[in-house]
Amino acid sequence: MAGSIKTEAVVLRTMRYGEADRILHLFTPDRGRVSAIAKGVRRAKSRFGGRLEPFFRLNLVLYQGRSDLLTVTSAETVAPYPRLREDGRAIDTASKACDAVSRLFETSDPNPAVFHLLVNELALIDSDTARHATQANQLAFRLKLLLAAGLAPQLGGCALCGDREHLSGFSGAAGGTVCGACEGAAFPLTEEAHAFMVDALGKPLAEAPAASDLALRQAERAILETAEHHAHLRLRPSLSR
């Protein structure tokens, strides 16, 4: 039904369109991921100014016509996250966070929990105390996204036989940790990496536990393989190589 929609949104990414327009990919709490066109936004005297850029948190008024592509009619800044734009690593971290949300949550289904998780991550990246989110925080964010998507890895016992002891590997295909008797094609998972993933899921985003480089890399591999096997998509690695 045609009409105006008021919503909060984070700009995930943008694309140039025509001579002066821009297509926005947005994530909203009540309508999930949506696309909208901002007409004339690239003109020097655009009424939108520079606020329709990636990572901005906005209050928007969108017009919905017959097309699935909405039209931006009004935009007010809620949080511009200016500091993260001053650091190349922070920009890359924010881009990967938005990309993960975009890939895992492609539909227009309401998901306020994911929206608030994303804005909390962007605020952390932007904060005075963390010019960019720590590597542990980036992985905690992704683990929480998997949980919200119904894809959280099985960590309480062997994903194949249920044994709660002797967990020594992780299998993306099986969907979680595996014991020595079931490890098959699993990769080794240290006790530290296992504990990190459990704690990262249970603690607030800003309190992601510290871990060694080896544990973090094993945790990231578990996240990437879980997404690939069960969501059929490849997330961009978050840790520097």
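The values are calculated or read from the model by the stated rules, or taken from the named source; none is laboratory data. Given the structure is predicted, the values throughout are model-derived calculations rather than measurements. When we count neighbours, we look across all protein chains shown, and the Cβ atoms used for this are built from the backbone with ideal geometry, even at glycine.
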- line: Among the residues of the range 191-214, the number that are touching a helix residue (DSSP H, G or I) at 6+ places or on another chain (Cβ under 6 Å) and closer than 16 Å to Cys179 by Cβ is 1
- prompt: Quick check: is even one residue across the range 67-85 closer than 23 Å to Gly3 by Cα and among the acidic types (Asp, Glu)?
  reply: yes
message: Taking the condition of being in contact (Cβ under 8 Å) with a residue 12 or more places away in the chain and in a loop (DSSP other than H, G, I, E, B), how many residues in the range 157-186 meet it?
response: 19
- request: Sort through Ala206, Ala200, Ala222 and tell me the only one that's in the same structural domain as Gly157 (by TED's automatic domain parsing) and either over 23 Å from His116 (Cβ atoms) or among the hydroxyl-bearing types (Ser, Thr, Tyr) (or both).
  value: Ala222
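Considering the range 80-90 alone, what residues qualify as being in a helix (DSSP H, G or I) and either under 15 Å from Val10 (Cβ atoms) or in contact with a Ser or Thr (Cβ under 9 Å, 6 or more places away or on another chain) (or both)? Working first, answer last.
Step one: filter the range 80-90 for residues in a helix (DSSP H, G or I), giving 83-86, 88-90.
Scanning the range 80-90 gives Arg83, Leu84, Arg85, Arg89.
Would you check if Arg103 is closer than 14 Å to Phe27 by Cα, in contact (Cβ under 8 Å) with a residue 40 or more places away in the chain and in the same structural domain as Ala193 (by TED's automatic domain parsing)? Reasoning before the result, please.
Numbers: closer than 14 Å to Phe27 by Cα: yes; in contact (Cβ under 8 Å) with a residue 40 or more places away in the chain: yes; in the same structural domain as Ala193 (by TED's automatic domain parsing): yes.
Judged against the criteria, Arg103 is a match.
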query: Under the condition of being assigned to a loop (DSSP other than H, G, I, E, B) and modelled with pLDDT of 90 or more, which residue from the range 104-142 is surrounded by the most Cβ atoms within 10 Å (Cβ to Cβ)?
result: Asn111
statement: If we keep only residues of the range 203-233 that are among the basic types (Lys, Arg) and surrounded by 14 or more Cβ atoms within 10 Å (Cβ to Cβ), then the residue farthest from Ala149 (Cα to Cα) is Arg217
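Scan Arg66, Arg57 and give me the residue that is over 20 Å from Asp21 (Cβ atoms), assigned by TED's automatic domain parsing to the domain that holds Ala38, in contact (Cβ under 8 Å) with a residue 60 or more places away in the chain and not hydrophobic (A, V, I, L, M, F, W, C).
Values: Arg66 fails: over 20 Å from Asp21 (Cβ atoms).
Going through Arg66, Arg57 in turn, just one is over 20 Å from Asp21 (Cβ atoms), assigned by TED's automatic domain parsing to the domain that holds Ala38, in contact (Cβ under 8 Å) with a residue 60 or more places away in the chain and not hydrophobic (A, V, I, L, M, F, W, C): Arg57.
In the list Leu26, Leu52, which residue meets the criterion of being at pLDDT 95 or above, crowded, with 17+ Cβ neighbours inside 10 Å, not in a helix (DSSP H, G or I) and not assigned by TED's automatic domain parsing to the domain that holds Lys203?
After applying the criteria, what remains is Leu26.
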- prompt: Quick check: is even one residue across the range 69-89 surrounded by fewer than 17 Cβ atoms within 10 Å (Cβ to Cβ), in contact (Cβ under 8 Å) with a residue 40 or more places away in the chain and more than 30 Å from Leu143 (Cα to Cα)?
  reply: yes
message: Can you find a residue that is within 21 Å of the chain's Cα centre (by Cα) and in the same structural domain as Ser102 (by TED's automatic domain parsing) anywhere in the range 173-181?
response: yes
